[in-house]
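Below is one structure, written out as structure tokens, with a few remarks after it.
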Ligand SMILES: *Cc1c(COP(=O)(O)O)cnc(C)c1O
């Protein structure tokens, strides 16, 4: 490591593309043969680096890629990937002309969007319909969806290529509701077909639905998190230990070591300084890098030389750790924020618990400034 960016801010995220391949293969193993995979790469591929992840998924034979960001879609194209890109919602009707001009497949969830696609299209142009099956988020409500589908299909130059719904859940109660609503979504598709409109692609399952084995009559799925080894479900609902984390490590280095940081002026000790009793180390991994302090009352750790160093504080540009148990630590030594060091390990679940958030949230926060290295 001796290029300017790694030496001036030595933070790195290690991405295991072999784990991505393995997770994709495992998902295929859970599906009926021939089920199409519409792989979600939203949010810069969940913070893992869009170009590398998207090209690996394209090589793995996914049917299409999906994101909510036009900028992300252009990044995929610039990486030389010509797999179909379906755009999740996110745009105004006036944005549809841009999607059409760039051959991206828009989601339409109201008539204004569908009419805008029709007005921009110079030839038959694919759209996906998004149905709100009861989660109260983006989509045309289930009750109105049949008439909507038929109305969209009648617009000039609009081809209804796909229909989907999103029913994420996080526990057993959510699972029961998702199964019931998936049945209603299947019934809608059958109803639309009886009215004379056959929609080639139907999709109702994201990670949670695939893992929990939600039953549907659809021919496609749209996983995101589980491709990257992140389950939305707790272990007591579904065992997902066979999926491998694609984020193998996040590492930084000590830029400062103070053996006697506790030597400070009495009376001026802030609450933060009160926590400092012995040797401290500083690493350039602050809130601007996506790091955050643990919740009050929780202890968080980083690993130095295979030992746990408690996190004392996180400022906008730096983190300070307690090195009193690691007297051999020196400037330049590696600090493991996520991953293994010796026999110790910090997992994404640990970080999420310490910071009171989810693994997805942590990866999104980390994705802005961290350099990534892709292995496998
Ligand atoms: C994010 C998203 C997905 C993928 O969800 P995961 O829980 O990451 O698998 C699927 N469909 C829609 C509409 C989404 O927004």
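How far, in nm, would the chain grow between residue 193 and residue 258 when pulled straight, counting 0.36 nm per residue and subtracting the alpha carbon separation? Let's see the in-between values first.
Details: separation 65, 0.36 × 65 = 23.40 nm, distance 7.08 nm.
Here the segment from residue 193 to residue 258 would lengthen by 16.3 nm.
Give me the extension gain from residue 154 to residue 28: residue separation times 0.36 nm, minus the current Cα-Cα distance, reported in nm with one decimal.
41.9 nm
So what's the chain giving for Cα Rg divided by 2.2 N^0.38 Å, two decimals?
Expressed relative to 2.2 N^0.38 Å, the Cα Rg reads 1.14.
Among 168-176, 37-45, 140-148, how do they line up from the highest to the lowest mean number of other beta-carbon atoms within 10 Å?
37-45, 140-148, 168-176
To the nearest 500 deg cm²/dmol, what mean residue ellipticity at 222 nm is calculated for the chain from DSSP H runs of n ≥ 4 alone, each contributing -39,500 (n - 2.57), summed and divided by the residues?
My calculation for the chain gives -9000 deg cm²/dmol from helical runs alone.
Which value in Å does the Kirkwood hydrodynamic radius of the range 31-228 take, with 1/r averaged over all unlike C-alpha pairs and then inverted?
Final number for the Kirkwood radius of the range 31-228 is 16.9 Å.
Given contacts defined as C-alpha pairs under 8 Å and at least six residues apart, what's the relative contact order of the range 247-375, whole-number percent?
Relative CO of the range 247-375 lands at 30 percent.
Report the FRET efficiency, 1/(1 + (r/R0)^6), for residue 94 and residue 295, where r is their Cβ-Cβ distance and R0 is 45 Å, rounded to 0.05.
Efficiency, rounded to the nearest 0.05: 0.60.
Pulled fully out, how much extra length does the chain show between residue 84 and residue 343, if you take 0.36 nm times their separation in residues and subtract their Cα-Cα distance? Spell out each step's value before the answer.
Numbers: separation 259, 0.36 × 259 = 93.24 nm, distance 4.33 nm.
The span from residue 84 to residue 343 would gain 88.9 nm if fully extended.
From Cα pairs below 8 angstrom and at least 6 apart in sequence, can you work out the relative contact order of the chain, rounded to a whole percent?
Reported as a whole number, the value is 18 percent.
Given contacts defined as C-alpha pairs under 8 Å and at least six residues apart, what's the relative contact order of the range 31-228, whole-number percent?
18 percent
Return the distance in nm (one decimal) between the two label points of a simple spin-label model at residue 59 and residue 219, each offset 7 Å from Cα along Cα→Cβ.
Computed distance between label sites residue 59 and residue 219 equals 2.9 nm.
FYI, it's all coordinate maths here, none of it is from the lab. None of the values given here were measured: they were computed from a predicted structure. Glycine also receives a Cβ, built like all others from the backbone with ideal geometry; neighbour counts cover every protein chain displayed.
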